[in-house]
Amino acid sequence: MKLQGEARLLRIFVGENDKWQGAPLYESIVKRARASGLAGATVFKGVMGFGAHSRIHSSKILQLSEDLPVMVEIVDTEQKLKGFLLELDSMVTEGLVTMERVEIIRYSAGHALEP
């Protein structure tokens, strides 16, 4: 797949303990993105944060949280991501979803994709 120039970055902020059909939500989002043929997705685990409920979630030893913030980033064309947003609607019941314009400088794969 060749992707370059202007694209979109979709960011999905959820909790580490959020679930979708019994599996971690962030994992389900990545698998659904791959099945949808999107260019790529990455999951980042935060060390501290708060959301709509204003509860602090932290990895500090004295405030050990089992529900740290997690962010999933997905990059692809605006058209493909807008289609994927329809799937996300039923999956992300609590969290934040943003989209911004990005410029892809380089996107390449040195080998064939594994199934």
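Considering only segment 39-58, I want to know if a residue exists there that is outside any helix (DSSP H, G or I), at pLDDT below 95 and under 24 Å from S108 (Cβ atoms).
For segment 39-58, residues outside any helix (DSSP H, G or I), at pLDDT below 95 and under 24 Å from S108 (Cβ atoms): present.
Working only within segment 1-12, note down all residues that are within 15 Å of V72 (Cα to Cα) and surrounded by fewer than 19 Cβ atoms within 10 Å (Cβ to Cβ).
Answer for segment 1-12, where residues must be within 15 Å of V72 (Cα to Cα) and surrounded by fewer than 19 Cβ atoms within 10 Å (Cβ to Cβ): R8, L9, R11.
Report, ordered by the first and then the second residue, all pairs with beta carbons closer than 8 Å, sequence separation of six or more or different chains, a first member in segment 17-34 that is surrounded by fewer than 18 Cβ atoms within 10 Å (Cβ to Cβ), and a second member that is in a helix (DSSP H, G or I) and polar (S, T, N, Q).
Within 8 Å, the pairs are Q21/S28.
Considering L9, L25, which residue is under 18 Å from T93 (Cα atoms), of a type in the set (A, V, I, L, M, F, W, C) and modelled with pLDDT of 90 or more?
L25
Would you mind stating whether A109 is small (G, A, S) and either assigned to a loop (DSSP other than H, G, I, E, B) or at pLDDT 95 or above (or both)?
yes
Name the residue that is surrounded by the most Cβ atoms within 10 Å (Cβ to Cβ), counting only residues in segment 76-106 that are assigned to a helix (DSSP H, G or I) and without any contact (Cβ under 8 Å) to a residue 60 or more places away in the chain.
Per the criteria, the residue is K80.
The values are calculated or read from the model by the stated rules, or taken from the named source; none is laboratory data. On a predicted model such as this, the values are computed, not experimentally measured, just so you know. Because the Cβ atoms are built from the backbone with ideal geometry, glycine has one as well, and the counts that use them run over all protein chains shown.
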